[in-house]
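Before any comments, here is the structure.
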Amino acid sequence: MTAAPSTPPEDAAGRLRALVSALRSGDFDGTTAILADPLWDVLEASYWNAEHPLPADALQSLDECVNIGKALWHKSGLGQGHPMALYRTTLLSSKAIDTAMRVLARIYAGCNLGYRSPPPGFWRTVYALTGYVVSEKFTDRVNRAQLTNQSLQLWLMAWLNPLSLAPGRLPVAVRLVGILSKTCSYTLASPTHAGSGLAAADLMSDVPPMPFARVPAMWEPVAPLYINAQDAAFTIRELTSPSQRAVPNDVYESLLQSALQVGLTHQEMQDFVRRAMREFGYSNARLVPRVGRRETVTVVVGFIDAWNAIQLQSKAGPKGKSTAVTHEATVINHSDGGFLLRIDVKEPLLSVGSLLCLRGSEAEPWSIIAVRWLEETDGMVLIGTEVLCNFGEARIAQQPDSSQHLPVLTYQRDETTWVLSPYDSNRAESVSQLRIEGEDWVTAVASELGSDWQRSAVLDITRNVSRN
C-alpha cells in the first residue's frame with residue numbers, strides 16, 4: 001500500500017485507524033506491515049520541524065500519530081495503551097518482544113519529530129522489555145543479540161533526542177544509531193568516573209535515559225542500568241574531523257552516503273554529527289555546576305530581531321523604540337555554558353536552531369544563545385540553550401561582489417573571531433569575504449547552520465586601502 005503525495009493528513013489518519021481496528025490480537029506480522037505503511041509519513045510530514053507551540057493542524061496530526069500508535073499497541077495484544085503498559089504475555093514470545101520494540105520505536109520517532117515527550121508509561125515499558133531481555137530469565141539465546149540491539153537503539157535515540165531532528169535528518173540519525181548501537185553494551189556496574197559515552201537509567205522509573213555526564217549528584221535509582229557506549233563516543237569524535245589517512249572510514253562514508261541520499265549537504269551532515277557529539281557527552285561535563293533559579297528574563301527570537309536588539313543597545317544617547325518583539329521567559333537553571341528556559345508563547349515561534357537574545361534587565365547586555373533542544377507540553381515550551389557569547393556587536397557588512405548590505409553579529413571567543421549572519425546556502429559551503437567598516441574579512445566554511453542563520457570563523461582581516 002502506498003500513500004499518494006497529496007493525501008490529506010486527516011485521510012491518512014482515518015485509513016491508519018481503519019487498519020488498526022481490523023487487526024487481531026497476536027497478529028504480529030500484520031502489526032509490522034501497518035508500521036511500514038507510508039501513511040505514517042504523511043502524518044509526520046504535517047508537523048515535522050514546525051515552529052512551536054504547534055499550529056492547530058500540526059498539533060492534531062501529532063496527536064493522531066501518537067494515539068494511533070497507542071491503539072496499535074493495544075489492538076495487537078502487546079499491552080494497554082492508556083497509560084502504556086506491557087502485558088506479561090508479551091514476554092512469552094521473542095516475536096512479540098520484537099514487535100513491541102518496533103511499535104515503541106514508531107511512537108518515539110513520531111514524538112521526536114514533534115518535540116514531544118512520549119506518552120506516560122512509555123519508558124517504563126521500554127525498561128521492562130530491556131530488563132527482561134538482558135536478564136537470565138530470557139532463554140532465547142538466538143534472538144537475544146538482536147532484541148538487545150533494538151532496545152539499545154531506543155536508548156540511543158533518547159540520548160540524541162535533544163537534537164529534535166530537522167527534516168531530512170531522521171534517516172541519518174537512524175543510520176547513525178544503528179551503527180553506534182553495535183558498539184554498545186549494558187552493564188549493572190556503576191561507572192566510577194564521568195567518562196564519555198556512558199548513559200544511565202532507573203528501570204523502575206518512567207523518565208528517559210540520560211548521558212552519565214548529566215546524572216544528578218543525588219540520583220538514587222531503585223534498579224539502575226547503564227550503557228557503556230565509549231566506543232560509540234570515540235566514533236562520534238572521529239566523525240567530527242574525518243581522518244586524513246588513506247584508509248577509508250567506513251562509518252563516515254556510509255553516513256555521508258545516507259545523508260546525500262536524503263538531500264543533506266556535506267556541511268549539514270557535519271553539523272548534525274557535531275551536535276550528536278555534544279549529546280554523547282564527550283566533554284566530561286558532569287561537574288559543570290547547574291544553578292537552579294526562578295528568574296524572569298526578556299527574550300527576542302530570530303536573527304533579525306536579535307540583531308535589532310543588540311544594535312539598539314549599542315547606540316549612544318537616548319534609546320529609541322526597538323522593533324524587536326520581546327517575550328518573557330523563566331530561567332529554570334543555568335550553567336556557564338547555557339540556560340534551561342521555560343517560555344509561554346501563544347504563536348508558533350521556536351524551533352531547534354533558533355537564535356535568541358536574552359537579558360535580565362535593560363542595564364544588562366544581551367547574551368546571544370542558540371536553541372539546542374525543545375519540548376512542548378500544552379503550549380508551554382521548555383528549551384535548552386547554549387550561550388554563544390555575552391557581548392556581541394551588531395554590524396553592517398557588504399559582499400565585495402555585490403552592493404547588498406548584510407546585517408551581521410560578531411564576537412570573540414577562544415581567541416577566534418566569529419561572524420553570525422543570515423543563512424545563505426552559497427556562502428555556507430565555501431570560504432567567502434565580507435567588507436566590514438573598511439576591512440576585508442575572510443570567513444571560513446560555516447561551522448554551524450541555524451534555522452535562519454549561520455556561524456563562520458574569521459580566517460583573516462585586512463585593511464581595505466582605497467585606490468581613489
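The values are calculated or read from the model by the stated rules, or taken from the named source; none is laboratory data. Everything numeric in this text was worked out from a predicted model, so none of it was measured. Here the Cβ is made from the backbone with ideal geometry for all residues, glycine too, and neighbour counts use every protein chain on show. The area values use the complete protein model at the heavy-atom level, side chains included, leaving out ligands, DNA and RNA. Shrake-Rupley method; radii C 1.70, N 1.55, O 1.52, S 1.80 Å.
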| 222 nm mean residue ellipticity, helices alone, for the chain (DSSP H n ≥ 4; -39,500 (n - 2.57); rounded to 500) | -11500 deg cm²/dmol
| query | So which DSSP H runs in the chain come out at 30 Å plus along the axis (Cα) with average Kyte-Doolittle of at least 0.0? | reply | none
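From largest accessible area down, sort H52, H74, H334; use a 1.4 Å probe on the protein chains.
Details: H52 0, H74 90, H334 40 Å².
Highest to lowest solvent-accessible surface, that is H74, H334, H52.
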| said: If I ignore ligands, DNA and RNA and count only protein heavy atoms, how much of K95 is accessible to a 1.4 Å probe, in Å² to the nearest 10? | reply: 100
| Heavy-atom SASA rank of M269, M157 (probe 1.4 Å, accessible area, largest first) | M157, M269
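Report relative contact order for the stretch 44-146 in percent, whole number only (criteria: Cα-Cα under 8 Å, sequence separation at least 6).
On the way: 94 pairs, mean separation 27.2, N = 103.
Normalised by residue count, the contact order of the stretch 44-146 is 26 percent.
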| Label D29 and Y87 with points 7 Å out from Cα along Cα→Cβ: what is the distance between them in nm? | 1.9
| Hey, can you rank 28-39, 107-118 by average C-beta count inside 10 Å, highest first? | 107-118, 28-39
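Sort the chain into rounded, prolate or oblate with this rule: let a ≥ b ≥ c be the square roots of the eigenvalues of the Cα gyration tensor; rounded if a/c is under 1.5, and if a/c is not under 1.5, prolate when a/b is larger than b/c, oblate otherwise. List each step's numbers first, then the result.
Details: a/c = 1.83, a/b = 1.72, b/c = 1.07.
The shape class here is prolate.
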| Out of residues 5 or more away from A397 or on other chains, whose amide H comes under 5 Å of its own, with H placed 1.01 Å from N in the peptide plane? | L406, V408
| Can you give the accessible area of E375 in Å² (nearest 10), computed on protein heavy atoms with a 1.4 Å probe? | 60
| field | Most to least accessible of H266, H405 (protein chains only, probe 1.4 Å) | value | H405, H266
| Is the shape of the stretch 52-97 rounded, prolate or oblate, going by the alpha carbon gyration tensor and its root eigenvalues a ≥ b ≥ c, with a/c under 1.5 for rounded and a/b larger than b/c for prolate? | prolate
| said: Can you give me the % of accessible surface on the chain that is carbon or sulfur? Probe 1.4 Å, all protein chains present, nothing else counted. | reply: 52
| remark: Where a ≥ b ≥ c are root eigenvalues of the Cα gyration tensor, a/c under 1.5 meaning rounded, otherwise prolate if a/b exceeds b/c and oblate otherwise, the stretch 10-87 counts as prolate
